[in-house]
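The structure follows.
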Amino acid sequence: MAGQTLKSKTNNVASKTKTTVAATKAEPREKLALKRKAPRSGDEENDLCDSCGDDVEEEEEIKPPVAKKSKTTKNDMPLAARTAIPTLNRAMYIGAHVSGAGGVQNSIANAVHIGANSFALFLKSQRKWTNPPLAPEAKTQFHAFLKQHGYDASQHILPHGSYLVNLAQADKAKATQAYDNFVDDLNRCEALGIQLYNFHPGSTGGDTMSAACGRIAAQLNRAHKATKSVVTVIENMCGSGNVVGSRFEELRDIIALVEDKTRVGVCIDTCHAFAAGYDLRSPEAFAATVAKFDSIVGLSYLRAFHLNDSKAPFGSHRDLHANIGTGFLGLRAFHNIVNHEPFQNLPMVLETPIDEKGPDGKSFENKQIWAAEIKLLEGLIGQDADSPEFKAKETELRAKGAPERKKIQEQVDKKAEKDAKKGSRGAGAGKKRGAKKKQEADNKDESD
């Protein structure tokens with residue numbers, strides 16, 4: 001699911017019969033950069049990313065909300081028309097994580113605005129532990145707009161859980177706080193007719209992975225008993241620090257302990273998978289990764305995708321989302337995904353960067369990027385990967401992302417070199433200590 005957005009001004013819906021667009025402040029969608037071992041009280045309203053643990057590397061997790069201006073204005077026309085699914089060679093429902101600021105009903109207009117056939121949103125502020133209840137008018141309008149625009153809430157809307165929630169939390173008070181926030185979201189899903197709910201599994205907090213997986217499953221079992229039907233969808237992670245869920249085995253172990261298997265699933269974030277060491281780039285590598293997932297977890301549990309390229313190289317354990325085709329994954333990886341028949345009908349949600357600077361030097365969210373990426377991905381369905389058109393686009397996007405890839409590769413190489421030297425010094429010191437102890441033992445034997 002994990003992954004760079006941002007307060008901004010987005011579309012709003014003015015009435016049930018006529019959709020208009022108004023500027024509103026959007027909630028941050030992605031991840032907030034925290035300093036290593038930043039204090040986290042667990043009971044403050046602005047507490048950050050408890051699910052990621054305290055040992056998060058600075059660039060790898062959620063970044064702080066920053067107010068940004070958007071170029072979205074009243075009466076904006078859609079940036080792209082939604083593609084009718086029957087016109088595609090495969091039924092791939094592609095969209096992005098849009099804002100629900102001002103009311104969850106506004107997420108629908110924001111999805112329509114970028115031509116999305118699926119979408120994600122936050123159901124409430126993901127930066128606070130407590131939020132006002134779902135407004136009755138928001139619920140009513142949400143259902144009306146679903147009908148108006150033809151979205152299937154049970155299949156193609158994928159709310160994202162709060163970054164504060166850590167279902168692996170061992171502390172009793174904090175675990176209760178996390179559970180209450182989690183179940184509140186599930187209740188909101190049920191009120192809106194949403195059947196899929198994506199969340200980050202959490203952090204071990206320094207405990208064993210097995211114990212953390214057990215606590216997550218226990219919280220899911222409790223939440224399932226308290227609600228009716230929502231499928232809790234676990235997002236795979238990139239493998240940083242104490243975060244749970246970077247290995248398929250960890251996802252399997254959580255699911256194995258869930259009592260109602262119909263209420264649990266998995267969302268594969270392509271950037272996270274690649275950073276964790278699961279290759280998707282060539283047809284052969286893609287097939288091997290899919291086969292591995294099926295043998296360890298089971299494809300029957302796959303319920304959604306987060307489509308993100310990676311600024312960081314393979315196996316780097318760094319969560320740095322890149323625009324489609326510009327990162328180390330490359331365009332071919334996404335061609336593999338959208339042309340894989342078993343992945344039909346799953347929501348596929350972009351979490352790619354859309355921040356740009358305007359002529360005035362101020363940053364804004366350019367949602368045209370998402371609109372273009374949706375069309376790009378839809379255009380890959382049924383396309384020959386050996387065609388001149390595909391090769392030209394692949395080359396263009398790869399060149400566009402080259403400077404960023406070079407910069408991150410240098411960072412990764414520098415860290416690897418530093419770690420190697422540290423390890424070498426540690427090994428050398430160990431050998432010296434061993435030699436000293438041996439000499440002391442020899443001297444003792446001689447004196448005896």
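The values are calculated or read from the model by the stated rules, or taken from the named source; none is laboratory data. Note that this is a predicted model, so its numbers are computed, not measured. Neighbour counts are summed over all protein chains in view; Cβ atoms, including those assigned to glycine, are modelled from backbone coordinates with ideal geometry.
Suppose we filter the range 342-367 for residues that are part of a helix (DSSP H, G or I) and within 18 Å of Leu329 (Cβ to Cβ); how many remain?
Looking only at that region, the number is 1.
Do we find that Asp152 is modelled with pLDDT of 95 or more and in contact with a Lys or Arg (Cβ under 9 Å, 6 or more places away or on another chain) in this structure?
In short, no.
Scan the range 298-316 for residues that are crowded, with 24+ Cβ neighbours inside 10 Å and more than 27 Å from Ala416 (Cα to Cα) and jot them down.
Across the range 298-316, the qualifying residues are Ala304, Phe305, His306, Leu307.
Conditions tested, residue by residue: (1) farther than 19 Å from Gln148 by Cα; (2) buried (at least 24 other Cβ atoms within 10 Å of the Cβ); (3) aliphatic (A, V, I, L, M); (4) touching a Phe, Trp or Tyr at 6+ places or on another chain (Cβ under 9 Å).
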position	(1), (2), (3), (4)
Ala81	no, no, yes, no
Ile85	no, no, yes, yes
His97	yes, yes, no, yes
Gly115	no, no, no, yes
Ala120	no, yes, yes, no
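Residues of the range 234-278 being among the small types (Gly, Ala, Ser), surrounded by fewer than 22 Cβ atoms within 10 Å (Cβ to Cβ) and assigned to a helix (DSSP H, G or I), which ones?
Passing the criteria: only Ala256.
Can you say whether Asn221 is in contact with an Asp or Glu (Cβ under 6 Å, 6 or more places away or on another chain), at pLDDT 95 or above and outside any loop (DSSP other than H, G, I, E, B), as far as the supplied structure shows?
Yes, satisfied.
Kindly establish whether Ser70 is at pLDDT 50 or above, in the same structural domain as Val165 (by TED's automatic domain parsing) and in contact with a Lys or Arg (Cβ under 8 Å, 6 or more places away or on another chain).
No, not satisfied.
Let me ask something additional. Here are Lys400, Lys406, Lys414: which of them is of a type outside the set (A, V, I, L, M, F, W, C), at pLDDT 90 or above and farther than 30 Å from His335 by Cα?
Lys414
Within the range 354-374, can you find the residues that are buried (at least 16 other Cβ atoms within 10 Å of the Cβ) and either of a type outside the set (S, T, N, Q) or more than 25 Å from the chain's Cα centre (by Cα) (or both)?
Passing the criteria: Ile354, Phe364, Glu365, Lys367, Ile369, Trp370, Ala371, Ala372, Glu373, Ile374.
With the checklist (1) assigned by TED's automatic domain parsing to the domain that holds His321; (2) at pLDDT below 95 in hand, flag the one item Lys375 doesn't pass.
(2)
Let me ask something additional. If I filter the range 368-417 down to residues being part of a loop (DSSP other than H, G, I, E, B) and charged (D, E, K, R), which single residue comes out as nearest to Asn110 (Cα to Cα)?
Step by step, filter the range 368-417, then rank; the result is Asp384.
Could you please tell me which pairs satisfy a Cβ distance under 7 Å, a separation of 6+ or placement on different chains, a first residue in the range 264-281 that is assigned by TED's automatic domain parsing to the domain that holds Gly325, and a second residue that is in a loop (DSSP other than H, G, I, E, B) and at pLDDT below 95?
Close Cβ pairs (under 7 Å, with a partner that is in a loop (DSSP other than H, G, I, E, B) and at pLDDT below 95) amount to Cys267/Met1; Asp269/Met1; Asp269/Ala2; Asp269/Gly3; His272/Ala2; Ala275/Gly239; Ala276/Gly239.
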